[in-house]
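What follows is one structure encoded as structure tokens, with my remarks underneath.
The values are calculated or read from the model by the stated rules, or taken from the named source; none is laboratory data. Nothing here was measured: the structure is a model prediction, and the numbers come from that model. All Cβ positions, even for glycine, are placed from backbone atoms using ideal geometry, and neighbour counts span all protein chains on display.
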Amino acid sequence: MLTSVRSLMAATVLAGSAFVAAPAAAQEVGVEVSANAAIVSEYRFRGVDLSGGDIAIQGGVDIGLPAGFYIGTWGSSIDETTVGYGHTELDIYGGWATDISDTVSFDIGAIMYIYPNAGPGDFDYIEFYSSVGFALGPADLAVGVAYAPDQDSLGSTDNFYIYTDLGIGIPDTPITITGHLGYTDGFLTFTNDSEAFDWSIGVEVALGDILSIGAAYVDVEGDAAVDPGEVFTSDAFVVTLAASI
């Protein structure tokens with residue numbers, strides 16, 4: 001998601017040293033900085049292929065602020081021909097998260113999707129999101145919703161998304177089984193009736209404290225607005241090599 005693995009990992013290590021060197025003062029005021037990087041065999045956004053079936057390079061930085069607030073940014077390479085989005089996606093987000101109890105957490109925020117080198121037209125849009133997480137022994141369950149209001153970039157319509165994510169860690173192993181189910185109603189389905197389900201099932205393996213590798217089968221169910229034989233909304237087996245610090 002491998003010729004570029006070495007250069008990506010080197011960049012991650014260098015970024016990590018910078019983050020470790022800077023934050024003694026930051027931690028004193030309750031600021032925490034983390035970073036992540038990944039190579040994916042293809043970039044799937046809610047089941048839809050945004051990298052044309054090709055490898056994508058991704059990465060981001062998160063800054064935890066006092067009182068549960070946070071800001072962050074994340075980016076990915078994408079396919080230049082994908083509905084004119086250009087070859088880069090950049091997301092900027094911020095929100096507030098808290099633990100309601102030892103087993104329940106809550107998160108709310110907003111995210112701006114930016115396509116800095118998109119073709120003619122308006123492609124950037126904002127979305128608001130919220131989720132509730134549950135820790136159930138070796139399992140983590142999240143239920144969330146995201147809403148993008150009417151915007152020119154969404155064809156003067158809106159988009160609603162609801163989803164659930166499940167992760168089950170196998171005790172005494174570095175292995176986690178993952179599952180996802182989502183439903184989209186609106187512009188971002190790329191279907192004829194503006195409705196679609198996406199789902200995935202996979203496995204993740206931690207390779208120490210920093211690296212992990214994962215594989216997942218991803219599919220979209222809906223009345224596709226494109227040739228079902230195209231990679232755009234067809235099913236796929238996605239492999240991920242990720243690092244986080």
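For the stretch 201-209, indicate whether the set of residues that are surrounded by fewer than 16 Cβ atoms within 10 Å (Cβ to Cβ), of a type outside the set (D, E, K, R) and under 16 Å from Gly47 (Cβ atoms) is non-empty. For the stretch 201-209, residues surrounded by fewer than 16 Cβ atoms within 10 Å (Cβ to Cβ), of a type outside the set (D, E, K, R) and under 16 Å from Gly47 (Cβ atoms): present.
Okay, residues lined up against (1) surrounded by fewer than 16 Cβ atoms within 10 Å (Cβ to Cβ); (2) modelled with pLDDT of 95 or more; (3) under 23 Å from Ala135 (Cα atoms):
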{"site": "Gly64", "(1), (2), (3)": "no, yes, yes"}
{"site": "Gly68", "(1), (2), (3)": "yes, yes, yes"}
{"site": "Phe106", "(1), (2), (3)": "yes, yes, yes"}
{"site": "Ala118", "(1), (2), (3)": "no, no, no"}
{"site": "Gly121", "(1), (2), (3)": "yes, no, no"}
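Considering every residue within the stretch 25-38, establish whether at least one is among the small types (Gly, Ala, Ser), modelled with pLDDT of 90 or more, crowded, with 16+ Cβ neighbours inside 10 Å and closer than 27 Å to Val220 by Cβ. Scanning the stretch 25-38, I find at least one residue that is among the small types (Gly, Ala, Ser), modelled with pLDDT of 90 or more, crowded, with 16+ Cβ neighbours inside 10 Å and closer than 27 Å to Val220 by Cβ, so the answer is yes.
If you go through the stretch 70-96 and keep only what is within 17 Å of the chain's Cα centre (by Cα) and closer than 20 Å to Val132 by Cα, you end up with Tyr70, Ile71, Gly72, Tyr93, Gly94, Gly95.
For the stretch 185-198, a residue qualifies if it is farther than 15 Å from Gly155 by Cβ and crowded, with 18+ Cβ neighbours inside 10 Å, and the qualifying residues are Ala196, Asp198.
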